[in-house]
Amino acid sequence: MRLTTIRITPDRTTAARIDGKHLTPLPHPDVGALIASGTDWARRAAAHTGERLPLAPTRRG
């Protein structure tokens, strides 16, 4: 499982699971908070369902 922290608004972030070409936002402000939320964080992150956001291509240059 791959995780990232994404910016939702200029002053708000959220942890997200990377699912192929989509992101699934998780109910934690960042990946660090997710991991600190308890020993079963990986199970909860993997099981979370909800909104899916398209993963934008990265720019290089």
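The values are calculated or read from the model by the stated rules, or taken from the named source; none is laboratory data. Here the structure is a predicted model, which is why all the values come from computation and not from measurement. When we count neighbours, we look across all protein chains shown, and the Cβ atoms used for this are built from the backbone with ideal geometry, even at glycine. Ligands, DNA and RNA are excluded from the accessible area calculation, which covers all protein heavy atoms including side chains. Shrake-Rupley method; radii C 1.70, N 1.55, O 1.52, S 1.80 Å.
See the values below:
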| item | result |
| --- | --- |
| For the chain, built as a Gaussian network whose Cα springs stay under 10 Å, the top-fluctuating residue of Asp11, Asp30, Asp40 | Asp11 |
| Qualifying trypsin sites (Lys or Arg not before Pro) for the chain [loop in DSSP, other Cβ within 10 Å: at most 16] | Lys21, Arg52, Arg59, Arg60 |
| Computed accessible area, Leu3, all protein chains, 1.4 angstrom probe, square angstrom | 50 Å² |
| Helix-only [θ]222 nm of the chain, DSSP H runs n ≥ 4, -39500 (n - 2.57) each, per residue, nearest 500 | -5000 deg cm²/dmol |
| Charge dipole magnitude, Cβ of K and R +1, D and E -1 - the chain, Cα centre, debye nearest 20 | 280 debye |
| Relative contact order %, the chain, counting alpha carbon pairs below 8 Å whose residues are six or more apart | 29 percent |
| Whole-Hz ³J(HN,Hα) from phi, Karplus 6.51 cos²θ - 1.76 cosθ + 1.60, for segment 38-53, glycine and proline x | x, 5, 9, 4, 5, 5, 5, 5, 5, 8, 5, 10, x, 4, 10, 10 |
| Listed residues Trp41, Pro10, Ala56: farthest to the positive end of the dipole of the chain (Cβ charges) | Ala56 |
